[in-house]
Structures are given as structure tokens and as C-alpha cells.
Amino acid sequence: MNYREAEKWLFSRRRMGMKYGLERMLSLMEELDHPEKKFKTVHIVGTNGKGSTAAILSGIAGALGISWGRGTSPHLLDFRERIAVNSNWIPEDAVAEFITDYRHIIRKHSATFFEITTAMAAWYFASMGVKWVAAEAGLGGRLDATRTYIGAGTIFTGVRVEHSRILGDTREKIAAEKVAIAAPGTVLIAASQTPGVEQVVMDAVNRGKLRRVFPVTVKKSPLPGAHQLDNSALAYTAAQELFGRSESDTEAAYNRTCASLRWPGRLDHRNGSPSILFDVAHNTQSMEALVAHIQSWRKPVPMVVGFLDDKPWHQMVDLLKGIAGTVVVTTPDSERKLTASVLAEHMRQEGFQVEVQDVIGDAVARCREIADNSPMVVTGSFFVVGEAINESVSHGWVNGLPNSAEDVLD
């Protein structure tokens, strides 16, 4: 197989959906000769901020001279970004090699898309000789595929009610599923939680004999947005606790990360005419953070918006009231898509001025016309934002890299 053939075959496994449990992953790892045993893992679990926290922690590791790997999901711009080593995505030929060599094992165990990607990441990390891996859980923690990695520490970013059919219908039930990923006797980094969730965390600490560490305070973040201070504090504290370097070395590495890290799609403001803020806000908490970030902008703000149907999109629409100007609604390229026509009807009923452009690139082009030279926003889904960034860069509407936190327009 070449890369395109391997990618097509891999993406065909998405139709299998999610299969909760670890049996398939454990069997895959055994047949791959346990690559997960060749590196140490920091598991990152929670509702929001997992990818950003993984990116910041990886940045600190790199600045310390540590060979690192990072596993994140979903991808934004390209499948290969899910698996990164020392800032470089997994090469196309490595993806093709893994799928070509291990298709028979994957079929044998009926592995899902996420399980295959998780196994491929471990295989690649081991082949590259990385020492540490920041692994973002895909769903939950207790039975997430990434739990098969050998955990040295866990970062818990907090919870909102999500995936209630699988994880439970309260924050406490969801938190219990997520923190259960922590291996006995390891470190758990978590800020103070609401009383019910805090009790769940402490129960896990006592049961697993974990060492609970509260994050230190940081005054700046590599990424824009007030909420990123919390993610940065978690990552910085994990680096202090786990990497075995002096406090001064870790602090210096963190400062270098603040000056250099770029993480697309997270309050990602790119210069152009007009400038565009791309943000993957896809639940109420992340949409609240986006709205808070643009409160000081001249309003109303023209926007491109598209949601997945299984997200709390009614509540997210409500959060845009008083902020959004003309909204160009679009349709994500996903089986879980909310069609632009349905979203448009609802938003008009809620008093928004709405236009419909089903194709994401066309939606961005139209919003640029509406915005003239005023900043605009693209948000609502990884599927929408990723394609919008790729289209905008390819047309020369914006620059190719996200700005640093210091460069972002307030």
C-alpha cells in the first residue's frame, strides 16, 4: 500500500464506530511485541483542554532535550498530526508500512479506527526511541485504548457532562471513568474540583495509592485565552514532577515553549484581509471560552459556524447571542453532521441574521465578503475549522502558521 491507499483503508474502519473495552487493544499490543513498554506515558484525560495540555507538555519536554511523542485526537488538518515525535508528524511511509504489515492482525481482532491509530502510535514511538509520550485519551479513561500505554502519571483537566450514554449522566460518574486510567502508585495532577468530583478524585487517589499533586500557578501560557493558563499549569506541573529536571531548568524550558509553541485551531488568530480567528469550540465550555476571548472585539462579529448533531449545539447557539453578526452556516464533512439548513432554521428563529453555504470553503469566502476588513470567526467543530484553515491557507487568505499568544488580536 502507498499512503493514500493506507489512509483510505484506515478511514474505512470508522464505519465500525466505537467499541468500548480493552480486549482488542491488549491483543494488538501483544502481537506487536508490546511497543508500549518501551516508553513512559503521561495520560491526559478530561472534557476539554486535553490536546492543548498535551501540546504544551510536549513543548516543555522538547525544550528540555527529551525525546518525546504525542498522541492526540481528533486531527484538525491531517491524519498524521495525531502521532507526532519531536514536533514532526508521523511520515506517510510509516503509516503505509504499519497498515501494510499489520492489516491481517487488525482484521483478526476487529480493531476500530481509534484502536488502530493508538497501536500505530505506540509502534512508531517505540521505533523512534522516544523516552516520554503525552497521550490524550479518546473517550473516558478506564476502558480507553490509550490505557494500554504504561502510565507514569496522569493529568486530569476536569469534566463536563459528555458522552452520557457511555460514561454516565453526571460529572461524578464521568470523572470516575476518566481518573480510573491512572496506574496504581503513580502521580495524578489535578486542580481542585467541585465537591462531588473532588470526592471521586480522592477516592481514586486512596484506592490506587496515587500521589495527588495540585498544579502550580503560571502567569503566562504558550497559547491564547485565559483558560489556557489552567492547561499550562497542569502541563508545567507534570513536567516538574515527572521529567526529573531541576526547577530552574523546567522553568526555562517552559519560557522557551511560551515563545515558540504553535497549536492550530485553538483561538488561532491568523493575519489576513480580513484576519480570521479559528477555534474548535465544540461544546458549551469551549464556546464560553471563545465568547470570553472576543468580548472586547467590535461587535457584531461575522462568523462561519457548523456543528455536529450530537453536540449541545442549541446551547452553543445561545452563547453567540449578542456577539455574532451575520452567521454563514455550513455543514461539517462527518456522518454526525448537523446540516446547514437545520442550523439556519434554528438560528433564524433565535433572531440571528443567517446565510447558508453548505461547502465550508464557500462559507469562508462569503464571510470574508461580509466582514470586509473586520476580523471574523470560524468555529463549531474540528471538521469545520480544519477544512476552513486548509482552504484559507491554500487560497492565501491568511498566513500559514498560527500566531503566538502575544500576537493575538484582543
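The values are calculated or read from the model by the stated rules, or taken from the named source; none is laboratory data. Please read all numbers here as calculations on a predicted model, not as lab measurements. Cβ coordinates were reconstructed from backbone atoms using ideal geometry, including for glycine residues, and neighbour counts include every protein chain displayed.
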- Task: Residue by residue through region 331-360, note down the ones that are more than 28 Å from the chain's Cα centre (by Cα) and either at pLDDT below 95 or among the small types (Gly, Ala, Ser) (or both).
- Result: GLY351
- Note on the structure: Among the residues of region 259-291, the number that are more than 17 Å from the chain's Cα centre (by Cα) and of a type in the set (Lys, Arg) is 1
- Out of all the residues in region 72-104, which are buried (at least 16 other Cβ atoms within 10 Å of the Cβ) and more than 27 Å from ARG256 (Cβ to Cβ)? PRO74, PHE79, GLU92, ALA94, VAL95, ALA96, GLU97, PHE98, ILE99, TYR102
- Message: Whether any residue in region 361-372 is out of contact with any Lys or Arg (no Cβ under 7 Å at 6 or more places or on another chain), modelled with pLDDT under 95 and over 22 Å from SER286 (Cβ atoms) is what I want to check.
- Response: yes
- Note on the structure: Flagged in region 314-334 as in contact (Cβ under 8 Å) with a residue 40 or more places away in the chain and not hydrophobic (A, V, I, L, M, F, W, C), in numbering order, are GLY325, THR326, THR330, PRO332, ASP333, SER334
- Message: If a residue must be more than 19 Å from the chain's Cα centre (by Cα) and either in a strand (DSSP E or B) or more than 17 Å from VAL329 (Cβ to Cβ) (or both), how many such residues does region 292-311 contain?
- Response: 11
- Task: Check GLY361, GLY386 and return the single one that is of a type in the set (Gly, Ala, Ser) and surrounded by fewer than 19 Cβ atoms within 10 Å (Cβ to Cβ).
- Result: GLY361
- Query: Looking at region 54-71, which of its residues are touching a residue at least 60 places away in the same chain (Cβ under 8 Å) and either in contact with a Ser or Thr (Cβ under 6 Å, 6 or more places away or on another chain) or surrounded by fewer than 19 Cβ atoms within 10 Å (Cβ to Cβ) (or both)?
  - Reply: ALA54, ILE56, GLY59, ILE60, ALA63, ILE66, SER67, TRP68, ARG70
- Note on GLN240: of the conditions (1) surrounded by fewer than 16 Cβ atoms within 10 Å (Cβ to Cβ); (2) free of Cβ contacts under 8 Å to residues at least 40 places away in the same chain; (3) not in a loop (DSSP other than H, G, I, E, B), unmet is (1)
- Task: Can you confirm whether region 304-324 contains a residue that is over 15 Å from ALA281 (Cβ atoms) and among the β-branched types (Val, Ile, Thr)?
- Result: no
- Got a sec? Which of SER246, SER260 is of a type in the set (Ser, Thr, Tyr), more than 20 Å from GLY46 (Cα to Cα), surrounded by fewer than 19 Cβ atoms within 10 Å (Cβ to Cβ) and at pLDDT 95 or above? SER246
- Going through region 72-93 in order, the residues found to be in contact (Cβ under 8 Å) with a residue 12 or more places away in the chain, among the hydrophobic types (A, V, I, L, M, F, W, C) and not in a helix (DSSP H, G or I) are LEU76, LEU77, ILE83, ALA84, VAL85, ILE90
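For (1) crowded, with 16+ Cβ neighbours inside 10 Å; (2) small (Gly, Ala, Ser); (3) more than 18 Å from MET120 (Cβ to Cβ), each residue gets a yes or a no:
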| site | (1), (2), (3) |
| --- | --- |
| TYR3 | yes, no, no |
| MET25 | yes, no, no |
| HIS34 | no, no, no |
| VAL42 | yes, no, yes |
- Note on the structure: Output for Cβ contacts, cut-off 9 Å, separation at least six or different chains, first residue hydroxyl-bearing (Ser, Thr, Tyr) in region 179-191, second assigned to a helix (DSSP H, G or I) and surrounded by fewer than 20 Cβ atoms within 10 Å (Cβ to Cβ), reads THR186/GLY208
- Note on the structure: For region 114-154, the count of residues that are assigned to a helix (DSSP H, G or I) and either surrounded by 19 or more Cβ atoms within 10 Å (Cβ to Cβ) or among the aliphatic types (A, V, I, L, M) (or both) equals 18
- Query: Restricting to helices (runs of 4 or more DSSP H) lying wholly in region 164-233: which have 3 or more residues that are surrounded by 14 or more Cβ atoms within 10 Å (Cβ to Cβ) and not assigned by TED's automatic domain parsing to the domain that holds ASN283?
  - Reply: 171-179, 195-208
